[in-house]
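First the structure, in the form of structure tokens, and then the observations on it.
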Amino acid sequence: MKAKLLRQPANAGFTLIEVLAVVIIVGILAAIAAPGWVAFANSREANQLADQVFQRIRQSQTDAGRLRSNQVVEFNDGNPPVLSYGAAEGGGRTAELLGEGRLANGMASLDVFDGNGAEVDSVVFDPNGILVSDGNLPITVVVQVPADGSGSTRCVILKTLLGASELAQGDACTP
């Protein structure tokens with residue numbers, strides 16, 4: 001009886017067909033999930049970039065009042081985009097890469113428009129923290145990820161001369 005049990009071949013493991021079926025199912029699930037993941041990642045990145053722009057504008061407004069001097073935030077739609085900020089008079093502005101240097105080329109774009117749809121290069125706050133403007137409000141700073149506009153769009157909207165601003169997305173970002 002013992003000899004018969006020892007001679008039986010082991011049938012452990014999976015057949016080639018079973019392994020292929022599992023690989024195909026996993027591949028199909030990955031193909032279904034990939035576009036959703038890319039959209040989620042783009043949305044998250046756009047939120048972070050818009051928040052970075054928002055914080056830089058708010059900090060410059062605060063610095064204008066604290067330092068009692070005009071403060072400027074300049075927008076450069078380079079590749080990657082750059083925010084420059086500091087005193088409006090003289091030089092010595094600090095340049096800050098949008099995305100803090102982690103963005104690949106073509107990953108994000110930065111566009112700034114006034115209330116008439118004209119492009120704006122910078123915003124200036126006077127020593128009281130009031131936005132220096134020619135009256136064409138609101139000023140909309142639009143961030144798109146990826147840069148071709150096929151993904152997520154977020155924006156910072158400067159609504160009033162006092163610098164009231166909000167974060168928005170989608171159609172609200174159209175100048």
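The values are calculated or read from the model by the stated rules, or taken from the named source; none is laboratory data. Not measured: the values here are computed from a predicted model. Here the Cβ positions follow ideal geometry from the backbone for every residue, glycine too, while neighbour counts run over all protein chains shown.
Is it true that Val38 is within 11 Å of Phe125 (Cβ to Cβ), of a type in the set (A, V, I, L, M, F, W, C) and either modelled with pLDDT under 90 or not in a helix (DSSP H, G or I) (or both)?
Working: within 11 Å of Phe125 (Cβ to Cβ): no; of a type in the set (A, V, I, L, M, F, W, C): yes; either modelled with pLDDT under 90 or not in a helix (DSSP H, G or I) (or both): yes.
No, not satisfied.
Filter the stretch 54-78 for residues that are hydrophobic (A, V, I, L, M, F, W, C) and more than 21 Å from Gly92 (Cβ to Cβ) and give the result.
Of everything in the stretch 54-78, just one residue is hydrophobic (A, V, I, L, M, F, W, C) and more than 21 Å from Gly92 (Cβ to Cβ), namely Phe54.
If I ask for residues that are loosely packed, with under 11 Cβ neighbours inside 10 Å and at pLDDT 85 or above, which ones from the stretch 95-105 would you list?
Of everything in the stretch 95-105, nothing turns out to be loosely packed, with under 11 Cβ neighbours inside 10 Å and at pLDDT 85 or above.
Looking at this structure, is Val19 in a helix (DSSP H, G or I), surrounded by 10 or more Cβ atoms within 10 Å (Cβ to Cβ) and modelled with pLDDT under 90?
Working: in a helix (DSSP H, G or I): yes; surrounded by 10 or more Cβ atoms within 10 Å (Cβ to Cβ): yes; modelled with pLDDT under 90: no.
Considered against the rule, which asks whether it is in a helix (DSSP H, G or I), surrounded by 10 or more Cβ atoms within 10 Å (Cβ to Cβ) and modelled with pLDDT under 90, Val19 comes out as no.
Among the residues of the stretch 152-175, what is the count of those that are in a strand (DSSP E or B) and over 11 Å from Ser43 (Cα atoms)?
8
Every residue in the stretch 54-100 that is in a helix (DSSP H, G or I) and hydrophobic (A, V, I, L, M, F, W, C), please.
Phe54, Ile57, Ala64, Leu67, listed by residue number.
Can you pull out every residue in the stretch 123-143 that is modelled with pLDDT of 90 or more and among the polar types (S, T, N, Q)?
Result: Asn128, Thr140.
Mind checking which residues of the stretch 106-146 are closer than 18 Å to Asn70 by Cβ, surrounded by 15 or more Cβ atoms within 10 Å (Cβ to Cβ) and charged (D, E, K, R)?
Correct list: Asp126 only.
Out of all the residues in the stretch 68-84, which are closer than 16 Å to Pro127 by Cβ and either without any contact (Cβ under 8 Å) to a residue 40 or more places away in the chain or surrounded by 19 or more Cβ atoms within 10 Å (Cβ to Cβ) (or both)?
Gln71, Val72, Val73
Given the conditions (1) touching a residue at least 40 places away in the same chain (Cβ under 8 Å); (2) touching a helix residue (DSSP H, G or I) at 6+ places or on another chain (Cβ under 8 Å); (3) not hydroxyl-bearing (Ser, Thr, Tyr), report the number of the one that Asp148 does not fulfil.
Only one criterion is unmet by Asp148, namely (2).
For Gly92, only one of the following conditions fails: (1) modelled with pLDDT of 90 or more; (2) under 16 Å from Val124 (Cα atoms). What is its number?
Among (1) modelled with pLDDT of 90 or more; (2) under 16 Å from Val124 (Cα atoms), Gly92 violates only (1).
Do we find that Ala46 is crowded, with 18+ Cβ neighbours inside 10 Å, within 28 Å of Leu167 (Cα to Cα), small (Gly, Ala, Ser) and at pLDDT 90 or above in this structure?
When the stated conditions are applied, Ala46 does not pass them.
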